[in-house]
Amino acid sequence: MTTIQRRPAPPARIQHLIDSGVDPLLARIYCARGVSARADLDYGLRGLLPPNQLTGAAEAATLLADAIEADARLVIVADYDCDGATACAVGLRALRAFGAQVAYLLPNRFEYGYGLTPAIVELAAGLEPDVLITVDNGIASVEGVAAARDAGIATVITDHHLPGDTLPEADVIVNPNQPGCPFPSKAIAGVGVMFYVMLALRAELRARGAFADRAEPNLAELLDLVALGTVADVVSLDHNNRILVAQGLQRMRAGRVQPGIRALFSVAGREPERATTFDMGFALGPRLNAAGRLADMSLGIECLATDDLARALNIARELDALNRERRAIEADMQAEAVLAIESLDAGSRATLSLFEPEWHQGVIGILAGRIKERWHRPTIAFARGNDGELKGSGRSIEGIHLRDALDLVTKREPGLILRFGGHAMAAGLTIAEHDLERFNAVFEAVVRAWVGETPPERRIDSDGPLDPGYMTLASAQRLEREIWGQGFPGPVFDDVFEVENQRLLKDRHLKLALRKGRSRFDGIRFNHAETAPPAIRAAYRLSVNEFNGRSSVQLMIDYFEPA
């Protein structure tokens with residue numbers, strides 16, 4: 001069942017924002033997201049949290065500055081998603097600008113596993129590194145860090161994932177979620193952590209006089225990369241993250257972008273000068289992620305790290321082709337998953353766990369997300385790994401902390417989960433294939449104990465009705481340019497409409513002609529073929545529809561019910 005629930009927005013707070021100069025429509029929306037003062041919407045760089053609040057950043061800066069002065073070899077061990085690729089590119093670009101001797105390593109995750117494993121350390125040893133720097137991984141790499149130490153290689157862990165019970169004995173750990181770290185932005189992405197380490201390193205080098213006879217590198221030039229990784233990793237957009245994203249968007253819209261970012265915009269048919277958070281999350285991010293899912297994320301890193309626009313465009317075209325292939329694979333997997341769920345009594349279950357022997361390991365995370373959205377259940381999709389193992393990728397719903405649920409499974413059944421990690425809304429795990437049914441039962445029992453006998457209900461949070469005077473192209477364009485994302489969602493409104501006309505597009509999408517009073521609007525509900533009743537209460541978003549060179553306002557309908 002789905003309910004529409006309106007976000008509270010106290011009128012006095014709305015008026016306070018209006019009095020401070022905030023547009024009335026935006027004031028209402030921002031108030032419903034906890035914004036109480038104009039300062040919460042100040043996205044200038046001076047508002048960034050200082051690097052000295054991030055535990056380990058100063059120590060990492062000292063170690064890396066010493067390494068640069070000694071002409072030591074640095075190797076970045078990257079991760080295979082957009083956050084990891086952008087974090088690696090930030091590290092490569094900044095360290096090279098500082099004069100470091102730096103390379104990167106991105107082993108095939110299907111062969112070497114996730115994080116800094118002993119096998120990856122052995123592989124990295126071929127590059128003869130003095131220091132290994134992890135980005136967007138490493139907080140759980142206890143064995144890998146020990147292997148590096150035994151090999152005489154120093155380790156700097158930069159990560160943002162939640163730590164386990166035991167921390168690796170690295171030379172330095174920079175992670176806002178490690179015990180005792182006072183850094184207020186616990187939601188910062190891996191690319192944000194690496195950016196902060198580079199800020200601290202620049203300050204350390206400045207104090208040592210490294211820029212006395214040369215220009216100091218401008219790290220603001222990397223903010224387009226930071227913004228992309230932050231949005232694509234779906235971390236909560238607290239104030240600090242919104243500053244990072246806003247500054248990156250500002251550079252994109254001014255045309256000051258890395259060649260790889262420009263190339264990704266080009267293959268996606270979009271323009272950096274009109275960049276939005278939607279572009280980063282749904283156009284650029286998926287193309288980078290496709291490399292890590294189907295091939296080698298080195299493609300993505302090379303795209304982001306090169307200064308040659310022609311080369312970046314060639315790589316971006318490869319990434320675009322991989323993304324089309326990924327979408328075709330995902331469609332086949334989703335069709336199989338739907339058939340499997342229909343054979344279950346999904347309506348009575350608290351969780352969904354799915355496995356097909358031929359499923360692609362790189363696409364199960366997307367599949368889990370699609371199934372979670374459709375059935376509103378915490379969902380884990382499994383694919384075959386190596387040596388009789390299953391790799392699982394899970395996505396959760398509001399109120400069910402997925403990593404905590406997996407942690408409780410391990411406490412109830414020690415050894416059932418071989419490895420796991422992640423966040424509240426997304427997590428990964430490995431189990432033995434012969435334990436799949438046992439895992440499904442325990443996972444279901446854990447989540448059932450939290451939600452009770454009533455299946456989780458889908459809730460759509462709405463910003464309430466919208467005056468027809470605001471249902472305009474100008475309003476839609478204005479809203480598109482604001483900073484929206486996880487934890488700071490874009491506005492959704494709800495209203496009652498008369499349905500004057502309706503038809504199906506491509507047998508899948510419901511196109512609607514709607515009336516509200518004397519005003520008429522075009523609406524569309526994607527992937528929904530059921531006929532609408534004569535009057536509906538609809539939850540919708542204002543969007544800009546571009547067709548044949550003309551722009552118009554369109555209502556993107558997320559849900560409707562009889563009025």
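With respect to the conditions (1) hydroxyl-bearing (S, T, Y); (2) in contact (Cβ under 8 Å) with a residue 40 or more places away in the chain; (3) in contact with a Leu (Cβ under 9 Å, 6 or more places away or on another chain); (4) under 30 Å from L127 (Cβ atoms), T155 lacks only one, and its number is (2). Quick check on the range 244-257. Is at least one of its residues closer than 26 Å to R395 by Cβ, modelled with pLDDT of 95 or more and not in a helix (DSSP H, G or I)? No; the residues of the range 244-257 include none that is closer than 26 Å to R395 by Cβ, modelled with pLDDT of 95 or more and not in a helix (DSSP H, G or I).
For the range 29-39, what are the residues that are surrounded by 15 or more Cβ atoms within 10 Å (Cβ to Cβ), part of a helix (DSSP H, G or I) and either of a type in the set (A, V, I, L, M) or in contact with a Gly (Cβ under 8 Å, 6 or more places away or on another chain) (or both)? If you could, list the steps in order and put the result at the bottom.
Going residue by residue through the range 29-39, those that are surrounded by 15 or more Cβ atoms within 10 Å (Cβ to Cβ) are 29-33, 35, 38.
The next check asks that each one be part of a helix (DSSP H, G or I); those that pass are 29-31, 38.
Listed by number, the residues that qualify are I29, R38.
For the range 303-326, the set of residues classified as closer than 21 Å to R256 by Cβ and assigned to a helix (DSSP H, G or I) consists of C303, L304, A305, L309, A310, R311, A312, L313, I315, A316, listed by residue number.
For the condition in contact (Cβ under 8 Å) with a residue 40 or more places away in the chain, in a helix (DSSP H, G or I) and either of a type outside the set (F, W, Y) or crowded, with 23+ Cβ neighbours inside 10 Å (or both), what is the one hit in L264, L299? Exactly one residue qualifies, and that residue is L264. Pairs meeting the criteria (first residue in the range 168-182 and outside any strand (DSSP E or B), second residue modelled with pLDDT of 95 or more and of a type in the set (D, E, K, R), beta carbons under 6 Å, at least 6 apart or on different chains) are N175/D159; P176/K186; N177/K186.
Only one of the listed residues (A227, A207, A232, A220) is in the same structural domain as D307 (by TED's automatic domain parsing), within 17 Å of L304 (Cβ to Cβ), surrounded by fewer than 22 Cβ atoms within 10 Å (Cβ to Cβ) and among the aliphatic types (A, V, I, L, M). That residue is A220. Filtering the range 347-356 for residues that are modelled with pLDDT under 95 and assigned to a helix (DSSP H, G or I) leaves a non-empty set. Reported count of residues in the range 333-353, each being among the hydrophobic types (A, V, I, L, M, F, W, C) and within 23 Å of the chain's Cα centre (by Cα), is 2.
Mind checking which residues of the range 474-508 are within 30 Å of R242 (Cβ to Cβ), charged (D, E, K, R) and in contact with a strand residue (DSSP E or B) (Cβ under 8 Å, 6 or more places away or on another chain)? Those that are within 30 Å of R242 (Cβ to Cβ), charged (D, E, K, R) and in contact with a strand residue (DSSP E or B) (Cβ under 8 Å, 6 or more places away or on another chain): E480, D494, D495.
Under the condition of being without any contact (Cβ under 8 Å) to a residue 24 or more places away in the chain and basic (K, R), the residues counted in the range 192-225 number 2.
State whether the residues of the range 82-96 include one that is in the same structural domain as G229 (by TED's automatic domain parsing) and surrounded by fewer than 18 Cβ atoms within 10 Å (Cβ to Cβ).
Checking the range 82-96: at least one residue is in the same structural domain as G229 (by TED's automatic domain parsing) and surrounded by fewer than 18 Cβ atoms within 10 Å (Cβ to Cβ).
State whether one or more residues within the range 435-444 are buried (at least 17 other Cβ atoms within 10 Å of the Cβ), of a type in the set (S, T, N, Q) and not in a strand (DSSP E or B). Checking the range 435-444: at least one residue is buried (at least 17 other Cβ atoms within 10 Å of the Cβ), of a type in the set (S, T, N, Q) and not in a strand (DSSP E or B). Residue pairs whose Cβ atoms lie under 9 Å apart, sitting 6 or more positions apart in sequence or on different chains, and linking a residue in the range 12-25 that is among the charged types (D, E, K, R) to a partner that is in a loop (DSSP other than H, G, I, E, B), are R13/V35; R13/S36. Of all residue pairs spaced 6 or more apart or on separate chains, those with beta-carbon atoms under 8 Å, a first member in the range 382-400 that is assigned to a strand (DSSP E or B) and a second member that is of a type in the set (S, T, Y) and surrounded by fewer than 19 Cβ atoms within 10 Å (Cβ to Cβ) are E389/T430; L390/T430; K391/T430; G392/T430. Within the range 51-74, the residues that satisfy the criterion of being crowded, with 22+ Cβ neighbours inside 10 Å and either modelled with pLDDT under 95 or outside any helix (DSSP H, G or I) (or both) are L54, G56, L74. Each residue in the range 183-240 was checked for being outside any loop (DSSP other than H, G, I, E, B) and either modelled with pLDDT under 95 or under 29 Å from G369 (Cβ atoms) (or both), and 20 of them qualify.
The values are calculated or read from the model by the stated rules, or taken from the named source; none is laboratory data. Just so you know, these numbers come straight off a predicted model, no measurement behind them. Ideal geometry is used to build each Cβ from the backbone, glycine not excepted, and the neighbour counts take in all protein chains shown.
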